[in-house]
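The next block holds one structure in the form of structure tokens; read it before the comments.
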Amino acid sequence: MVDSLQQTPAAGAGHAEDVERFDAIIIGAGVTGLYSLYRMRELGFSVRAFEHGSGVGGTWFWNRYPGCRFDSESYTYGYSFSEELLQEWDWKEHYSGQPENERYLNYVADKFDLRRHIQLNSHVVSCVFDEDESCWEIHLEDGQRARGQYLITSVGILSAGFIPDFEGIDSFKGKWCHTVRWPKEGMDLAGKRVGVIGTGATGVQLIPEIVKEVAHLTVFQRTANFCAPLRNSPIDDDEQREIKASYPEIFKKCMKTAGSFVHEFDPRSAMEVSPEERLEQYERLWDNPGFGKWLSNFHDIMVPGEANEDYAEFFRNKIRERVNDPVIAEMLVPKDHMFGSKRLPCESGYYEVYNRDNVLLVDVREAPIERITPKGVKTRDAEYELDVIIFATGFDAVTGSLNLLDIHGEGGHTLKDKYAGGPRAYMGIASAGFPNLFTINAASVGNFVRSAEPLVDWVSEAMCYVRDNNFTRITATLEAENAWVDHVNKDGAKILRTQANSWFVGANIPGKARVLLTNPDTAPAMRAKRAEVAANGYEGFLLQ
Ligand code: N01
């Protein structure tokens, strides 16, 4: 992993008297952390967010690699809680890039005066529940401690970067980095021989950007993906006015869809319309920007079967059309997983990169990487000499960022041990034996802000319920947790997302248990479930 676990102070060490106390400690000042801070403070809780980075923004602070941008429409990604913010902020592009997204989150932090509750450069290395005082104590790398009745982990689902355990990385004489730790000052790639390992959503955003400056690019691909043209463009003044006038409708639409995106599936079956009508829809969606190609299509594209395969073949042919050399084109055509079983990477000129003379595609499934050498990358078949190696090798998703926090609950038991066979959390947010801990990072998926806002609202209201009813602890019961995990496993097995080897099921990390790491339900179903739980007096939780 990019951040290895640091030495952990002994559980319960030190005296509690000299430690600052808060109602809630939030770890992370990214999209969910900032909103948690705002919301909980508005509800009268004293709050402090501890952020590892030197700035706010989370994902949009760390992922500075060239090409990094939204794949959901910018105007669906912003916070909805403030009409003033919505009207003040101009999204400049339909799919906004990292620098602008980071500026947006900084703007939010300033506008709502959040900075005074945020401690930056604060690396949390352990979190320990104090059973006598019913509160959490966190330990920072520099020895600082803080206590809070609640611990809110807003550390993101994709933030613990993963570098495969290749031998010899330290022997490499050139420069290397993982995309999630792209240096603020940039990487000097001009005129260099650069190698990129990994062709997921990150790799396909990065590659078309850096190819413009490198002398030579070698791409090490293990799995070919279905990737779709993003078709980003600027937002002009007229459209800006239109967007600002229609935010209520935009958000209403997002709230109805499975992943909280603005795109809605076509209720028709692909196989029930004529072949001409089917193709006309495929082509129309293909020409449109963003995720419509995936999420506005015939509904049965998203289940294994004839429709899925029909559309997959349409996609494969689009790739073949864009790559001049038929041998390279076939290397780029995905054949080992179903369309939609992984999140669809959106790209801008990705496939055309392989028409350039200074680009080499290496199939590392056929000839795996054996080691990193002082000169570059050695596969079974050859050694590739490089000046720079970029690891676009993804993340230890969901549980990776929680493991780095070294969380100790009741009886000193660790969350890491509890999650060894996969996450065990009621509704993805609360685990038996870990009172007053809300793992909100683990439950926000899809269009991130749209799913995070209602989740944070729910957690904040649960905290109010505890306060208003003079309780001190709220803990998921073992029965509720077990039933939820059974539901995730049983219903998760039916969805497309569990059918491919991807981070969604932990298949990208050697040795990680293969289970669905997120909830299998649609966003509206999750909101309904949480509302029902609250309406029933926080059913499935023990209140003490
Ligand atoms: O990570 P990935 P990512 N040898 O795990 C390869 C979100 N996101 O950072 O497919 C060789 O998808 C691995 O190969 P394989 C989005 O949710 C959003 O790209 O496992 N190769 C793969 O090619 C996305 O799903 C945006 O065979 C190795 C790559 O590394 C998620 O983040 C942009 C290897 C990792 O791909 C993760 O995307 C970017 C090895 N030993 C990301 N190990 C937006 O647009 C791994 N690989 C908002």
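The values are calculated or read from the model by the stated rules, or taken from the named source; none is laboratory data. Just so it is clear, the model here is predicted, and its values are computed rather than measured. Cβ: placed from backbone, ideal geometry, glycine included. Neighbour counts: every protein chain shown. Note: accessible area is taken over every heavy atom of the protein model, side chains too, but ligands, DNA and RNA are not part of it. Shrake-Rupley method; radii C 1.70, N 1.55, O 1.52, S 1.80 Å.
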### Residues located in the stretch 514-533, provided they are among the small types (Gly, Ala, Ser) and loosely packed, with under 15 Cβ neighbours inside 10 Å
Ala525, Ala528, Ala531
### Task
For Leu360, state whether it is of a type in the set (A, V, I, L, M) and within 24 Å of Ser502 (Cα to Cα).
no
### Task
From (1) among the basic types (Lys, Arg); (2) without any contact (Cβ under 8 Å) to a residue 24 or more places away in the chain; (3) closer than 22 Å to Asn501 by Cβ, pick out the condition that doesn't hold for Arg343.
(2)
### Query
Is it the case that the stretch 81-94 has a residue that's modelled with pLDDT of 95 or more, surrounded by fewer than 22 Cβ atoms within 10 Å (Cβ to Cβ), within 16 Å of the ligand (Cβ to nearest atom) and not in a loop (DSSP other than H, G, I, E, B)?
yes
### Message
Looking at the stretch 459-473, I want the residues that are in contact (Cβ under 8 Å) with a residue 12 or more places away in the chain and under 16 Å from Arg530 (Cα atoms) and have a partner that is among the charged types (D, E, K, R) and surrounded by 15 or more Cβ atoms within 10 Å (Cβ to Cβ) with Cβ atoms under 7 Å, at least 6 apart or on another chain. Which pairs are those?
### Response
Ser460/Arg39
### Query
When you go through Ser171, Ser122, Ser154 one by one, which is the residue that is among the polar types (S, T, N, Q) and in contact with a Phe, Trp or Tyr (Cβ under 8 Å, 6 or more places away or on another chain)?
Ser122
### Query
How many of the residues in the stretch 226-245 are out of contact with any Lys or Arg (no Cβ under 8 Å at 6 or more places or on another chain) and open to solvent by 30 Å² or more (accessible area, probe 1.4 Å)?
10
### Task
Just need a number here: residues in the stretch 373-417 that are closer than 30 Å to Ile138 by Cα, open to solvent by 40 Å² or more (accessible area, probe 1.4 Å) and not small (Gly, Ala, Ser).
4
### Task
Output the residues belonging to the stretch 473-521 that are assigned to a helix (DSSP H, G or I), touching a Leu at 6+ places or on another chain (Cβ under 8 Å) and either within 13 Å of the ligand (Cβ to nearest atom) or under 22 Å from Ile440 (Cβ atoms) (or both).
Val488, Asn489, Gly492, Arg497, Trp503, Phe504, Val505
### Members of the stretch 225-245 that are within 15 Å of the ligand (Cβ to nearest atom) and either touching a strand residue (DSSP E or B) at 6+ places or on another chain (Cβ under 9 Å) or acidic (Asp, Glu) (or both)
Cys227, Ala228, Pro229, Leu230, Arg231, Asn232
### Query
Of Gly428, Gly349, Gly340, Gly411, which residue is away from the ligand (no atom under 16 Å from the Cβ) and part of a loop (DSSP other than H, G, I, E, B)?
Gly428
## Note on the structure
Of (1) in contact with an Asp or Glu (Cβ under 8 Å, 6 or more places away or on another chain); (2) assigned to a strand (DSSP E or B); (3) within 15 Å of the ligand (Cβ to nearest atom), Pro208 satisfies every one except (2)
### Task
For the stretch 176-197, state whether one or more residues are near the ligand (Cβ under 9 Å from one of its atoms), of a type in the set (A, V, I, L, M, F, W, C) and out of contact with any strand residue (DSSP E or B) (no Cβ under 7 Å at 6 or more places or on another chain).
no
### Message
For the structure I just gave you, tell me whether Leu217 is open to solvent by less than 10 Å² (accessible area, probe 1.4 Å) and more than 15 Å from the ligand (Cβ to nearest atom).
### Response
yes
### Message
Suppose the filter is without any contact (Cβ under 8 Å) to a residue 60 or more places away in the chain and either part of a strand (DSSP E or B) or in contact with a Phe, Trp or Tyr (Cβ under 8 Å, 6 or more places away or on another chain) (or both); does Asn101 pass it?
### Response
yes
#### Entry: Subset tally (residues that are in a loop (DSSP other than H, G, I, E, B), within 16 Å of the ligand (Cβ to nearest atom), under 27 Å from the mean Cα position of the chain (by Cα) and not aromatic (Phe, Trp, Tyr)) for the stretch 154-175
9
### Query
In the stretch 192-201, what count of residues is obtained for those that are in contact with a Gly (Cβ under 7 Å, 6 or more places away or on another chain) and either surrounded by fewer than 24 Cβ atoms within 10 Å (Cβ to Cβ) or over 22 Å from Lys378 (Cα atoms) (or both)?
1
